[in-house]
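The block underneath contains the structure these notes are about, expressed in structure tokens.
We did not get these values from a lab; they are worked out from the coordinates using the rules stated. Model, not experiment: these values are computed from the prediction. Here Cβ is always computed from backbone atoms with ideal geometry, including for glycine, and neighbour counts include all displayed protein chains.
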Ligand code: THG
């Protein structure tokens, strides 16, 4: 599974502070540690700061210490454009997080996805918000898939995020999400992705819930997750589920992690 490290996000108060203070060493430490812990991509988000200027600084600062590709997390076309301008290597490796069927994203962000032919996360939302039912989320997925393929976009680069809603709001929200994962793969054969934390909002033992949620998502074929790779228990869950699902030939990765002392009980 593709791991997108979530730590460089200005929604986290301590991270917001180091971005505002332009503490390059602290940002670079978080970047390097996430990659060492197994992140394939680093999510970058400055929405809670001076979004445009701070995105430019963050992208430049992170790239000084790692070649890991970035997942640019913003609703604004201007911000994503600024991030892409400052990418050192292949711009077509950047994951654009995100597009959706919302008018502003179609006008501002979709043209960038098409121009750079980047991988992109497509949210199942439109100007009416996040639909409640599986059917309505599949309808938005269909509209996104049709629109992108009409413009010649390679659908292998599309990650649909069916948007998880809190269990505390409805006890069926996780089950709905799992159904979306299955159906998106079956009907459109595109990849899927999710952030984890929303599921446990307003519940105790959030990390515990997030971890089991991730394991069930993986069992439903989820291709990527935005998570905290510095949480050794969640990374242990990823390694163990991949082993159990037959995705780890000869248990090589599991045994390697075991020998390095990385597996938490
Ligand atoms: N889908 C898409 N993009 C997203 C999300 C999504 N971007 C933002 C968010 N959801 C994913 N990113 C974060 C970043 C940080 C935290 C949660 C989600 C967070 N971190 C705490 C910390 O690091 O201190 C706690 C981590 C933990 O408890 O494990 O809260 O859904 N497309």
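Under the simplified labelling scheme, the residue 127-residue 245 pair shows an inter-label distance of 3.7 nm, with each label point 7 Å from Cα along Cα→Cβ. Can you give the Rg to Rh ratio for region 128-256, taking only C-alpha atoms and Rh from Kirkwood? Ratio of gyration radius to Kirkwood radius: 1.00.
The helix-only estimate of mean residue ellipticity at 222 nm for the chain, built from DSSP H runs of length n ≥ 4 each weighted as -39500 (n - 2.57), is -14500 deg cm²/dmol after division by the residue total. The modelled label-to-label distance for the pair residue 86/residue 168, using points 7 Å beyond Cα in the direction of Cβ, is 3.4 nm.
For region 16-95, the relative contact order works out to 30 percent when only alpha carbon pairs closer than 8 Å and six or more residues apart are counted. Note on the chain: Rg/Rh from Cα positions, Kirkwood definition for Rh, rounded to two decimals, is 0.95. Shape call for region 181-265 from the C-alpha gyration tensor, a ≥ b ≥ c root eigenvalues: rounded (a/c under 1.5), prolate (a/b greater than b/c) or oblate? Oblate. When a/c is below 1.5 the answer is rounded, else prolate if a/b is larger than b/c, else oblate, so apply that to region 28-132 with a ≥ b ≥ c taken from the square roots of the Cα gyration tensor eigenvalues. Since a/c reaches 1.5 and a/b is larger than b/c, the shape of region 28-132 is classed as prolate. If contacts are Cα pairs under 8 angstrom and at least 6 residues apart, what is the relative contact order of the chain in percent? 15 percent. Under 1.5 on a/c is rounded, so check that first for region 97-146, then, if it is not, pick prolate when a/b is larger than b/c and oblate when it is not; a ≥ b ≥ c are the square roots of the alpha carbon gyration tensor eigenvalues. Note, shape of region 97-146 comes out prolate. In nanometres, what is the gap between the two model label sites at residue 256 and residue 154, each 7 Å from Cα along Cα-to-Cβ? Placing both labels 7 Å along Cα→Cβ, they lie 2.5 nm apart. Largest GNM mean-square fluctuation among 244, 148, 110, using the chain with Cα springs under 10 Å: 244.
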